[in-house]
Amino acid sequence: MKLYTYQRNSAGERVRIALGLKGLAYEYVSVPGLAEGEYRRINPQGLMPALELDNGQVIAQSGAILAFLEERFPEPPLLPADPVLRAQSRSFGLFIAAEMHAVTVSRVRRFVADELGAGPEGEALWLAHWTAEGLARLEAMLAQRSQDFTFCYGETPGWADLHLIPALRNARRFDVALASYERLLAVEGACAEIPAFQAARPEAQPDFISSDLSSRA
Ligand SMILES: N[C@@H](CCC(=O)N[C@@H](CS)C(=O)NCC(=O)O)C(=O)O
């Protein structure tokens, strides 16, 4: 399998973590290194990540890729066995992907700043608002669990956790205060011990450029 991604691609980091947790080998393809127009030809959606299977078929959207991996390679599972915890894990992940990331991703921020005229200050306010509000809701979701777990929804890391870690990384990159989210930080601490999460970090990718981490894009 080939994963088309980029070191700081947070949706791609979700998939990199899942591949690591399932012990699946893959070829890392750095999208910025491809020729002009090449990635659109591979993935018409044009967003990262995309997974290319050995038969040449391509799956775009991290959620679809994660669902494919879970169905095709069920062990170890990313989702808990209990149907309610499974649904809550998906809900947590969807909130990050669809409600937080979708409005804070760089192309949306650039549009707000440049096309809508909000400028760098407006962009920073937009990002801080949607990130802090989102994190507060995630913390409240964990507070509402029927019991405390080491990870979001279980004693092994999975679906919800692999969405959370890149979201916290982005929040840190943009100096969003995190101290009050004690449940989220506890999960982050537990994930930091796990090799699949360590190997998926931007710093561990072949196309890592440290100066890029502090850039606006
Ligand atoms: N919902 C998509 C989001 C993908 C996405 O927006 N990826 C960003 C990077 S994290 C991207 O490709 N940005 C490049 C662009 O907007 O052209 C997913 O979960 O895969």
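Read-outs: derived from the displayed coordinates by stated rules, not from any lab. Here the structure is a predicted model, which is why all the values come from computation and not from measurement. Note that each Cβ is placed from the backbone with ideal geometry, even for glycine, and that neighbours are counted across all protein chains shown.
Values as computed for the structure displayed
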| item | result |
| --- | --- |
| In nm, spacing of pseudo-spin labels at Y28 and L94 (7 Å Cα→C-beta vector) | 3.2 nm |
| Which of M1, M48 has the fewest Cβ neighbours within 10 Å, and the rest in rising order | M1, M48 |
| Per-residue Cβ neighbour rank within 10 angstrom, fewest leading, E71, E99, E52 | E71, E99, E52 |
| Fewest-first ranking of L19, L125, L69, using other Cβ atoms within 10 Å as the exposure measure | L125, L69, L19 |
| Calculated P(r) tail over 24 Å for the range 83-194, as whole % of Cα pairs | 26 percent |
| At least 20 Å along the helix axis (C-alpha) and Kyte average at least -0.5, DSSP helices within the chain | 119-143, 159-173 |
| Value of D in µm² per second that Stokes-Einstein yields for the chain, Kirkwood Rh from Cα pairs, at 4 °C (1.567 mPa s) | 73 µm²/s |
| Normalised alpha carbon radius of gyration of the range 1-86 [divisor 2.2 N^0.38 Å] | 1.12 |
